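Read through the structure below, which is laid out as C-alpha coordinates, and then see the notes.
The values are calculated or read from the model by the stated rules, or taken from the named source; none is laboratory data. Computed from a predicted structure; not experimentally measured. FYI the Cβ positions are ideal-geometry reconstructions off the backbone, even for glycines, and counts take in every protein chain you see. Protein only, heavy atoms only, side chains kept; ligands, DNA and RNA dropped before computing areas. Shrake-Rupley method; radii C 1.70, N 1.55, O 1.52, S 1.80 Å.
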Amino acid sequence: MNAFINARKYSLVFLSLLGLLSFTSCKSDNSNIEIEGIDGPNVQLLEDNIMISMVVENMTLQGGLRYNIPSYPTSYIEISPDLQSDGTLLSVSISLDDVFHDRVGDLDPQRLPGGRALPGVSAGELPAVAFSIEKFHNMSLYVGPEVFGIFVPADLGVDGAIATFSYYMGGDKAGNISVVGNDQNGENGGILLLLNIDTKLKKRLMKRAKRY
(Lines give C-alpha, C1' and ligand atoms only; values in the text may rest on other atoms or scores of the structure.)
Protein backbone atom coordinates (compact mmCIF):
# COMPACT_ATOMS: atom_id res chain seq x y z
CA MET A 1 0.00 0.00 0.00
CA ASN A 2 2.80 2.43 0.96
CA ALA A 3 4.61 1.65 -2.29
CA PHE A 4 1.43 2.50 -4.23
CA ILE A 5 1.05 5.83 -2.36
CA ASN A 6 4.70 6.74 -2.95
CA ALA A 7 4.45 5.84 -6.64
CA ARG A 8 1.31 7.96 -7.00
CA LYS A 9 2.99 10.87 -5.18
CA TYR A 10 6.02 10.76 -7.47
CA SER A 11 3.73 10.52 -10.51
CA LEU A 12 1.90 13.68 -9.42
CA VAL A 13 5.21 15.48 -8.91
CA PHE A 14 6.37 14.37 -12.36
CA LEU A 15 3.14 15.56 -13.96
CA SER A 16 3.44 18.89 -12.14
CA LEU A 17 6.98 19.28 -13.44
CA LEU A 18 5.80 18.55 -16.97
CA GLY A 19 3.11 21.16 -16.45
CA LEU A 20 5.69 23.73 -15.39
CA LEU A 21 7.89 22.95 -18.37
CA SER A 22 4.89 23.41 -20.66
CA PHE A 23 4.83 27.03 -19.53
CA THR A 24 8.31 27.55 -20.96
CA SER A 25 9.51 27.46 -24.52
CA CYS A 26 12.45 25.40 -25.73
CA LYS A 27 15.75 27.18 -25.24
CA SER A 28 19.11 26.93 -26.88
CA ASP A 29 22.45 27.17 -25.10
CA ASN A 30 23.14 30.57 -23.53
CA SER A 31 19.57 31.79 -24.00
CA ASN A 32 16.97 32.37 -21.31
CA ILE A 33 13.73 30.46 -20.98
CA GLU A 34 10.48 32.11 -22.00
CA ILE A 35 7.60 31.79 -19.54
CA GLU A 36 4.07 31.84 -20.90
CA GLY A 37 2.27 35.01 -19.82
CA ILE A 38 5.49 36.71 -18.68
CA ASP A 39 7.78 38.92 -20.77
CA GLY A 40 11.10 38.81 -18.93
CA PRO A 41 12.55 39.09 -16.42
CA ASN A 42 15.15 41.43 -17.88
CA VAL A 43 18.12 42.81 -15.94
CA GLN A 44 19.87 46.09 -16.68
CA LEU A 45 22.51 48.18 -14.94
CA LEU A 46 21.40 51.82 -15.05
CA GLU A 47 24.00 54.17 -13.55
CA ASP A 48 24.25 52.88 -9.95
CA ASN A 49 21.04 50.85 -9.94
CA ILE A 50 20.22 47.26 -10.86
CA MET A 51 16.89 47.26 -12.69
CA ILE A 52 14.85 44.05 -12.93
CA SER A 53 11.70 44.32 -15.05
CA MET A 54 9.00 42.04 -16.40
CA VAL A 55 5.59 42.38 -18.01
CA VAL A 56 2.70 40.29 -16.67
CA GLU A 57 0.65 39.94 -19.82
CA ASN A 58 -2.68 38.80 -18.32
CA MET A 59 -2.90 41.54 -15.66
CA THR A 60 -4.39 44.97 -16.38
CA LEU A 61 -4.04 48.09 -14.22
CA GLN A 62 -5.72 51.46 -14.66
CA GLY A 63 -2.95 53.28 -12.79
CA GLY A 64 0.45 52.68 -11.25
CA LEU A 65 2.24 53.19 -7.95
CA ARG A 66 5.82 53.22 -6.66
CA TYR A 67 6.69 51.55 -3.36
CA ASN A 68 9.86 51.86 -1.28
CA ILE A 69 11.42 48.51 -0.35
CA PRO A 70 11.58 48.01 3.43
CA SER A 71 15.13 48.31 4.84
CA TYR A 72 16.42 49.64 1.49
CA PRO A 73 15.84 53.43 1.54
CA THR A 74 16.91 54.22 -2.04
CA SER A 75 15.42 51.13 -3.73
CA TYR A 76 11.88 50.74 -4.95
CA ILE A 77 9.32 48.67 -6.84
CA GLU A 78 7.00 50.24 -9.39
CA ILE A 79 3.93 48.73 -11.03
CA SER A 80 2.22 50.48 -13.93
CA PRO A 81 0.26 49.76 -17.10
CA ASP A 82 2.70 48.59 -19.78
CA LEU A 83 3.04 51.15 -22.56
CA GLN A 84 3.38 48.57 -25.35
CA SER A 85 0.77 46.00 -24.33
CA ASP A 86 -2.37 45.49 -22.25
CA GLY A 87 -0.29 43.94 -19.46
CA THR A 88 1.29 45.27 -16.28
CA LEU A 89 4.92 46.34 -16.01
CA LEU A 90 6.71 45.44 -12.77
CA SER A 91 10.04 47.24 -12.28
CA VAL A 92 12.39 46.66 -9.35
CA SER A 93 15.17 49.24 -8.93
CA ILE A 94 17.88 48.25 -6.45
CA SER A 95 20.51 50.82 -5.54
CA LEU A 96 24.06 49.46 -5.49
CA ASP A 97 24.59 51.47 -2.32
CA ASP A 98 21.79 49.48 -0.70
CA VAL A 99 23.17 46.15 -1.96
CA PHE A 100 26.70 46.78 -0.71
CA HIS A 101 25.75 48.48 2.54
CA ASP A 102 26.30 46.03 5.40
CA ARG A 103 22.63 45.25 6.03
CA VAL A 104 22.89 41.48 5.49
CA GLY A 105 23.49 40.91 9.19
CA ASP A 106 20.24 42.74 9.98
CA LEU A 107 18.11 40.45 7.82
CA ASP A 108 16.74 37.10 8.96
CA PRO A 109 17.40 34.11 6.67
CA GLN A 110 14.26 33.19 4.74
CA ARG A 111 13.13 30.49 2.35
CA LEU A 112 10.57 30.82 -0.40
CA PRO A 113 7.26 32.30 0.74
CA GLY A 114 5.40 29.43 2.36
CA GLY A 115 8.57 27.74 3.63
CA ARG A 116 9.98 25.72 0.73
CA ALA A 117 13.77 25.72 0.33
CA LEU A 118 15.37 28.07 -2.17
CA PRO A 119 16.43 26.03 -5.22
CA GLY A 120 20.14 26.12 -6.05
CA VAL A 121 21.08 27.38 -2.57
CA SER A 122 22.84 24.80 -0.38
CA ALA A 123 21.37 26.10 2.89
CA GLY A 124 17.94 26.50 1.30
CA GLU A 125 17.66 30.06 2.62
CA LEU A 126 19.24 33.51 2.34
CA PRO A 127 19.01 36.80 4.24
CA ALA A 128 15.88 38.46 2.91
CA VAL A 129 13.21 41.08 3.40
CA ALA A 130 9.62 40.04 2.66
CA PHE A 131 6.87 42.48 1.74
CA SER A 132 3.62 42.81 -0.20
CA ILE A 133 2.32 45.41 -2.64
CA GLU A 134 -0.91 45.77 -4.57
CA LYS A 135 -1.49 42.74 -6.87
CA PHE A 136 1.79 41.13 -5.72
CA HIS A 137 1.53 39.56 -2.26
CA ASN A 138 4.45 37.84 -0.50
CA MET A 139 7.35 39.19 -2.52
CA SER A 140 10.89 38.64 -1.21
CA LEU A 141 14.19 40.38 -1.85
CA TYR A 142 17.19 38.12 -1.14
CA VAL A 143 20.61 39.60 -0.39
CA GLY A 144 23.36 37.12 0.50
CA PRO A 145 27.14 37.66 0.57
CA GLU A 146 27.44 36.60 -3.08
CA VAL A 147 23.82 36.24 -4.18
CA PHE A 148 21.17 38.82 -4.97
CA GLY A 149 17.68 38.19 -6.23
CA ILE A 150 13.94 38.54 -5.98
CA PHE A 151 10.83 36.37 -5.81
CA VAL A 152 7.80 37.66 -7.73
CA PRO A 153 4.51 35.89 -6.94
CA ALA A 154 2.51 34.60 -9.91
CA ASP A 155 -0.10 31.87 -10.22
CA LEU A 156 1.16 29.77 -13.12
CA GLY A 157 -1.67 27.25 -12.78
CA VAL A 158 0.66 24.41 -11.77
CA ASP A 159 1.06 22.78 -8.35
CA GLY A 160 3.96 21.23 -6.52
CA ALA A 161 7.04 21.34 -8.70
CA ILE A 162 9.92 23.82 -9.09
CA ALA A 163 11.91 23.96 -12.34
CA THR A 164 15.26 25.80 -12.31
CA PHE A 165 17.27 27.01 -15.32
CA SER A 166 20.46 29.00 -15.86
CA TYR A 167 19.94 32.73 -16.38
CA TYR A 168 22.19 34.50 -18.89
CA MET A 169 23.22 38.11 -19.38
CA GLY A 170 25.17 38.99 -22.51
CA GLY A 171 25.65 35.28 -23.26
CA ASP A 172 27.29 34.58 -19.89
CA LYS A 173 25.65 32.76 -17.01
CA ALA A 174 24.65 35.29 -14.35
CA GLY A 175 22.59 33.10 -12.01
CA ASN A 176 19.46 30.95 -11.93
CA ILE A 177 15.80 31.50 -12.71
CA SER A 178 13.20 29.19 -11.17
CA VAL A 179 9.59 28.67 -12.18
CA VAL A 180 7.85 27.88 -8.89
CA GLY A 181 4.56 26.00 -8.85
CA ASN A 182 1.97 26.51 -6.11
CA ASP A 183 2.63 24.77 -2.79
CA GLN A 184 0.44 22.18 -1.07
CA ASN A 185 -2.01 24.92 -0.13
CA GLY A 186 -2.35 26.09 -3.72
CA GLU A 187 -0.39 29.27 -2.93
CA ASN A 188 3.05 30.87 -3.21
CA GLY A 189 3.79 30.12 -6.85
CA GLY A 190 5.94 32.56 -8.79
CA ILE A 191 9.24 33.37 -10.41
CA LEU A 192 12.55 33.38 -8.51
CA LEU A 193 15.57 35.12 -10.01
CA LEU A 194 18.88 34.74 -8.17
CA LEU A 195 21.98 36.49 -9.53
CA ASN A 196 25.50 35.43 -8.61
CA ILE A 197 27.62 38.38 -7.50
CA ASP A 198 31.10 36.91 -7.18
CA THR A 199 34.11 38.82 -5.85
CA LYS A 200 35.23 40.05 -9.27
CA LEU A 201 31.78 41.33 -10.23
CA LYS A 202 31.24 42.84 -6.79
CA LYS A 203 34.43 44.90 -7.09
CA ARG A 204 33.35 46.09 -10.53
CA LEU A 205 29.90 47.09 -9.31
CA MET A 206 31.28 48.82 -6.22
CA LYS A 207 33.62 50.84 -8.43
CA ARG A 208 30.66 51.82 -10.60
CA ALA A 209 28.57 52.79 -7.57
CA LYS A 210 31.27 55.22 -6.42
CA ARG A 211 31.05 57.05 -9.75
CA TYR A 212 27.51 58.30 -8.99
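Hey, with R₀ at 30 Å, roughly what FRET efficiency would GLN184 and ALA123 work out to, going by the Cβ-Cβ distance, to 0.05?
Details: r = 22 Å, r/R0 = 0.74.
The calculated FRET efficiency here is 0.85.
Which listed residue (LEU89, PRO119, GLN62) has the Cα farthest towards the positive end of the charge dipole for the stretch 51-135, taking +1 on Lys and Arg C-beta and -1 on Asp and Glu C-beta about the Cα centre?
Positive-most Cα among the choices belongs to PRO119.
At 10 °C and a viscosity of 1.306 mPa s, what translational diffusion coefficient does Stokes-Einstein give for the stretch 52-117, taking Rh as the Kirkwood radius over Cα pairs? Give it in µm²/s as a whole number.
Details: Rh = 13.8 Å.
After rounding, the answer is 115 µm²/s.
Sort SER166, SER132 from largest to smallest accessible area, using a 1.4 Å probe on the heavy atoms of the protein chains. Each step should come with its number before you reach the end.
Values: SER166 30, SER132 65 Å².
Most to least solvent-accessible, the answer reads SER132, SER166.
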